[in-house]
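The values are calculated or read from the model by the stated rules, or taken from the named source; none is laboratory data. For clarity, every value in this text was computed on a predicted model and none was experimentally measured. Here the Cβ positions follow ideal geometry from the backbone for every residue, glycine too, while neighbour counts run over all protein chains shown.
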Amino acid sequence: MSDIAIVGAGISGLHLALRLQQAGVTTTVYAERSSEDLAAGRPLSLPVRFGKTRDRERELGVSYWEGGDDDTLGVRLVARGEPGIEFLGRLDAPASGVDLRLYLPTLTAEYLERGGRVVVLRPDASEIDRISRDHDLVVVASGRAATTGLFPRDPERSPYTSPQRVLTAGLFHGIAPVDPGHIHFQVSEAGEIFSTRILTADGPVHGMVVEGLPGGALEQLASYDHLEDPAGFEKTLLSLVAEYAPDLRERINDREFGIRRPGDVIQGGLTPVVRRSWAALDSGRIALALGDAWIVNDPLAGQGANLGSRIAFELAELIVAGGPFDEAFAERVAERLWRIAEPVVAWSNLNVAPPVEHVGGIFVTATADQRVADAFVANFNHPADMWEAVKSPDATRAWLDKITEAG
């Protein structure tokens, strides 16, 4: 029976560990932090898990957040200008936002309860080589620089060399909920602002993400010291929301608005990248890249955690089929997993590229036609279908014709 090391205890690493556990494969998860430290620390990210990811959670037996305050039923997209764009599309299955400081410790506890093993360790490349000597295969699911150095950037699949958005995200009180619950997404010349309901250990709050274009007005938030001057940070944020997302500003109660707790803000920027998907270690073992160790997508399309979960399930199937876990195996894995990841990466990269006319045409049509709005939003749960719909003007015309003729 195989013995697999999984370095990283994020969504992709834990979904892989739980899936292999179901198949009777021995695993050890090497986590950078204990669950207690994670729960008490700063937020990691604010992922929305779409319907297919939630289906996988049900398969894993970890669907703890069903039909609650975190359910998201649609996406509202607003862009002021001529022509104005505004539509609310329905998802084909409810999505969910759960604070990772609640989500990850819960899954880790379940993995341990089922007999899994967790070692708290922050390994670098040399430590991964040492770990590999105790296992048949190492899967690296941690996006830390010390571990991703094993997997060089793939320039043919990585068109960007710098962040395309400057990110500020946080958890806030004082934003009125919407009915039905949905992601509010506002597009402007300065970037994008979106918000959604997030379930935390203290109950539901709102997550807000500001994705500023480099050099634009929204960029300033990413360098504002929210710990030193939280009131000033909140005032600046409200001012920018009023200018660039006025619909969202109307839902904010000034007296109640504020950061959920000190430090509940994320700032910085992510460079979209695809890295080489495996490495041969000095030990003679193979290390496979998973999650952020392999692919980093800008969060604008909301696909990072969802792709990580999808790839984890696919990788589990390949591992269960058996070794030897050699270079030939690694190449088979790379080919199969890239077929899944490629359209998701392409769509995510399109989201941060300059606007293209045919995608704008979808938004204009969706504003006037609920069928198109629903079909577009449903594809957040089907990213390969989304890419097929937006990859070219001809593809978009064919997709729109199919939607409107079917109705």
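Results for (1) over 30 Å from D136 (Cβ atoms); (2) polar (S, T, N, Q), shown as yes or no for each residue.
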residue: R332; (1), (2): no, no
residue: V364; (1), (2): yes, no
residue: Q370; (1), (2): yes, yes
residue: F380; (1), (2): yes, no
residue: R397; (1), (2): yes, no
residue: L400; (1), (2): yes, no
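Within the stretch 180-191, not a single residue is over 15 Å from R80 (Cβ atoms), among the charged types (D, E, K, R) and either out of contact with any Lys or Arg (no Cβ under 6 Å at 6 or more places or on another chain) or modelled with pLDDT of 95 or more (or both). When the test is whether a residue is under 26 Å from the mean Cα position of the chain (by Cα) and either surrounded by 14 or more Cβ atoms within 10 Å (Cβ to Cβ) or assigned to a helix (DSSP H, G or I) (or both), I403 does not pass it.
From the list A316, A389, A287, the one residue that fits, being crowded, with 20+ Cβ neighbours inside 10 Å, of a type in the set (G, A, S), in contact (Cβ under 8 Å) with a residue 12 or more places away in the chain and not in a helix (DSSP H, G or I), is A287.
Table: residues versus (1) touching an Asp or Glu at 6+ places or on another chain (Cβ under 6 Å); (2) closer than 23 Å to A201 by Cα; (3) surrounded by fewer than 19 Cβ atoms within 10 Å (Cβ to Cβ).
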residue	(1), (2), (3)
E32	no, yes, yes
L60	no, yes, no
S96	yes, yes, no
A125	no, no, yes
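Please verify whether the stretch 228-242 includes one or more residues that are in a loop (DSSP other than H, G, I, E, B) and closer than 25 Å to S162 by Cβ. No, that holds for no residue.
Give, as residue ranges, the helices (runs of 4 or more DSSP H) completely inside the stretch 1-91 that count at least 3 residues that are assigned by TED's automatic domain parsing to the domain that holds W294, in contact (Cβ under 8 Å) with a residue 24 or more places away in the chain and of a type outside the set (D, E). It comes to 11-22, 35-40.
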